[in-house]
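These notes concern the structure reproduced below.
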Amino acid sequence: MNIKKLLDQMTLEEKVGQMTQVTIDTITEEDTANKINTRKLSKVILKKNIGSILNVKQHAYTLEKWHEIIERIQDEVKQKTRLKIPVLYGIDSIHGANYIKGATLFPHNIGMAASRRNDLVQQAARITACETRAAGIRWNFDPVLDVGRTFNWSRFEETFGEAPYLCSKMGNEVIRAYQDEDLSKPTSVAACMKHFLGYSASVNAHDRTPTILSEDEIQNVYLPPFAAAVKSGAATVMINSGEVNGIPVHGSYHLLTTILRKQLNFKGVAVSDWEDVIRLHTRHRIAATPKEAVKIAVNAGLDISMVPFDFSFYDYLIELVKEKEISMKRIDESVTRILRLKQSLGLFDSEAVEEASKKQFGLTEYKTSSLEAARATMTLLKNGKKKKAILPLQKNKKILLAGPGANSITTLHGSWSWTWQGNDPNHYPKNVATIKTVLENKLGKDNVISFTKKDFNASINTDIKRLQAAAKKVDVIVLCLGEEAYAEGPGYSPDLHLEERQQKLVHEAAKTGKSVVLILTQGRPLIIREQVPGA
């Protein structure tokens, strides 16, 4: 297909539609999670010429439901639009294809980084690509290449940690595995390096907040993983929602054009994060109106706006071009990049859901890979001297299993697990085990005393009196501590210490004189110096 020829046939409205991305809510019924509304879909595709849709509504869908959704969207394009330019669907497959029921989950990036195993990172990404594409989705908003230097930042678990070298190396493995040399292959998805630039360096650890960075930090800490990703051929980039040195990144020509396009020589598609263009007006206040926000972002170098709930970006952008505030040349640059991406993904040439990709879902070997990755990412911090080592636990010993993580599925999996926050156990597969279940199976139910509830925050999980009474009957106390699952803004924590009730549980366990084992399930490094001596 000739991209230039197609571009020449497109109207302004069709071009601007390609630069507009909306969420699935704009095409579904109000009261259901996944039923498409015919009237809404018609408006999105026919009246607004939308070129990209993203996300899930509420929770993960089955593979069959995804096929129904993707095929319905592409059929609307094929049967009713003039130029039949397919829609590009995007999703957050962050640690496996986490929005597809029955898919394989893997440890988060911070765990994968702890393994120091590039081969496992590549293997996990390859499986994630296969299972995401099997749903008919060809764009994955991953990997996170933000260098993790602010430890209580709420997206720390999505980073590969604090070392630019490790972030670069593992980011490369992910991108190569996702894209598999040829994006048209039924095992490939377009990668999205994110979040350009400095997102993880928040001055107050809140999500989407300002950063202050020296040029040295930018060039030597936060830029290298993105520079490496561009060399690896990353197809797309997502922009930092916050500000760097007082300038919102979505409005920074210096970052989006001078550095990203000219210094790094990035040729792919740049997409905003959720609702971030209008925030140049509502939050950052560098734009007097929402319309001016669109002008600033597009002229700075943005290709696609993740609007996501309305068509304001589309409407304003058409007006701005007609008023000559944004040139047609600038529009054509972005649309050319978008069309080229769609062409490389095979969207013009293949079925909406490819038969070859369907066969790549749920293979038995994927579970083996997930297990291997989980084992490799576990980190033993302390086990005493050889003759006094507590681990491995002996089968003839009785243990007390306590703490909020002991009977919690969600703390084991964290963010982006079947739901955005990952903290709703009702959407997890029925066969997913907790630490309690596994220890009872391994050691025998008669050897495990536990009073923990599945609700991570239930007060009984940190009940000191129950712990003291039960400790008299056992040889070893195993305490499962850490954090409930969280994602993005809601996961902000002002304090890196273990939650106070959990701290008391450790201190009281140590007072019993029994051997104490701590199992920590958490998305960021927590301060445990006071708990270490007794465990």
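The values are calculated or read from the model by the stated rules, or taken from the named source; none is laboratory data. Note that the coordinates shown come from a computational prediction; the quantities given were computed from them, not determined experimentally. Note that each Cβ is placed from the backbone with ideal geometry, even for glycine, and that neighbours are counted across all protein chains shown. Accessible surface areas use protein heavy atoms only, side chains included; no ligands, DNA or RNA. Shrake-Rupley method; radii C 1.70, N 1.55, O 1.52, S 1.80 Å.
Only helices enter this figure: runs of n ≥ 4 DSSP H residues, each worth -39500 (n - 2.57), summed and divided by the residues of the chain, yield -10000 deg cm²/dmol at 222 nm to the nearest 500.
Provide the FRET efficiency to the nearest 0.05 for the ASP182-ARG72 pair, computing r from the beta carbons and using R0 = 35 Å.
Numbers: r = 27 Å, r/R0 = 0.78.
Once rounded, the FRET efficiency stands at 0.80.
Approximating the spin labels as points 7 Å out from Cα along Cα→Cβ, the ARG330-to-GLU351 distance works out to 4.3 nm. The angle separating the long axis of helix 328-344 from the principal Cα axis of greatest extent in the chain is about 60 degrees. Relative to the longest principal axis of the Cα atoms of the chain, helix 164-179 runs at roughly 60 degrees. Karplus-derived 3J(HN,Hα) values for the stretch 376-390, using 6.51 cos²θ - 1.76 cosθ + 1.60 with θ = phi - 60°, are 6, 8, 5, 10, 8, 8, 6, 9, x, 6, 3, 6, 10, 4, 7 Hz; glycine and proline are entered as x.
Taking the Cα centre of the stretch 154-298 as origin, work out the dipole magnitude from +1 charges on Lys and Arg Cβ and -1 charges on Asp and Glu Cβ, in debye rounded to 20. List each step's numbers first, then the result.
Working: 15 positive and 16 negative charges, 100 e Å.
Result for the stretch 154-298 is approximately 480 debye, rounded to the nearest 20.
In the neighborhood of VAL476, defined by Cβ-to-Cβ distances under 9 Å, what is the net charge if each Lys or Arg adds +1 and each Asp or Glu adds -1?
On the way: positive: LYS397, LYS398, LYS514; negative: ASP475.
Surrounding charge for VAL476 is +2.
Under 8 Å for C-alpha pairs, at least 6 residues apart: give me the relative contact order for the chain, rounded to a whole percent. This gives 16 percent for the chain. Under a 5 Å amide H cut-off, with hydrogens placed 1.01 Å from N, GLY90 pairs with ILE53, LEU54, ASN55 among residues at least 5 apart or on other chains. Taking square-rooted eigenvalues a ≥ b ≥ c of the alpha carbon gyration tensor, is the stretch 1-123 rounded, prolate or oblate, where a/c under 1.5 means rounded and, failing that, a/b exceeding b/c means prolate? Oblate. Here the Karplus relation 6.51 cos²θ - 1.76 cosθ + 1.60, evaluated at θ = phi - 60°, turns the backbone of the stretch 187-201 into coupling constants of 10, 10, 9, 6, 7, 9, 6, 8, 10, 6, 9, x, 4, 7, 9 Hz, with x for every Gly and Pro. Take every DSSP beta bridge whose two residues both sit in the chain; close to 10 percent of them are antiparallel. Relative to one another, the C-alpha centroids of the stretch 485-511 and the stretch 54-101 are positioned 38 Å apart. Of ASP349, ASP25, the residue with the largest accessible area leads and the full order is ASP349, ASP25 (1.4 Å probe).
Express the accessible area of the chain per residue in Å², computed with a 1.4 Å probe while the remaining protein chains stay in the model.
Details: 22480 Å² over 535 residues.
For the chain, the solvent-accessible area averages 42 Å² per residue.
Near the amide H of GLY96, within less than 5 Å, lie the amide hydrogens of PHE106, all on another chain or at least 5 residues away, with H placed in the peptide plane.
Extension gain, LEU12 to THR437, is 147.1 nm, computed as 0.36 nm per intervening residue step minus the present C-alpha separation.
Go ahead and run the numbers for FRET between ALA469 and TYR253, Cβ-Cβ distance against an R0 of 51 Å, rounding to 0.05.
On the way: r = 66 Å, r/R0 = 1.29.
Result of the calculation: an efficiency of 0.20.
Computed from backbone phi with θ = phi - 60° and the Karplus coefficients 6.51, -1.76 and 1.60, the 3J(HN,Hα) list for the stretch 122-133 is 5, 5, 4, 5, 4, 5, 4, 4, 4, 6, 5, 5 Hz; x is used for glycine and proline. The apolar share of the surface of the chain, taken as the fraction of accessible area on carbon and sulfur atoms (1.4 Å probe, ligands and nucleic acids excluded), comes to 50 percent.
What is the sum of charges around GLU173, taking Lys and Arg as +1, Asp and Glu as -1, for the other residues whose C-beta is under 11 Å from the C-beta of GLU173?
Values: positive: ARG117, ARG126, LYS169, ARG176; negative: ASP119.
My count for the surroundings of GLU173 gives +3.
Remark: for residue pairs LYS5/LYS322; LYS35/LYS291; LYS359/LYS442; LYS169/LYS388; LYS78/LYS169, the C-alpha separation exceeds 29 Å in LYS35/LYS291; LYS359/LYS442; LYS169/LYS388; LYS78/LYS169.
Local charge for LEU393 was computed over the other residues whose Cβ lies under 12 Å away, with Lys and Arg +1 and Asp and Glu -1, and equals +3. The length gained by stretching the chain between ALA114 and GLN394 to full extension, at 0.36 nm per residue less their Cα-Cα distance, is 98.1 nm. Computed from the alpha carbon atoms alone, the convex hull of the chain holds 147 Å³ per residue. Label positions at ILE36 and GLU217, each projected 7 Å from the Cα along the C-beta direction, are separated by 4.6 nm. For the chain, the longest principal axis of the alpha carbon atoms and the long axis of helix 500-511 meet at an angle near 30°.
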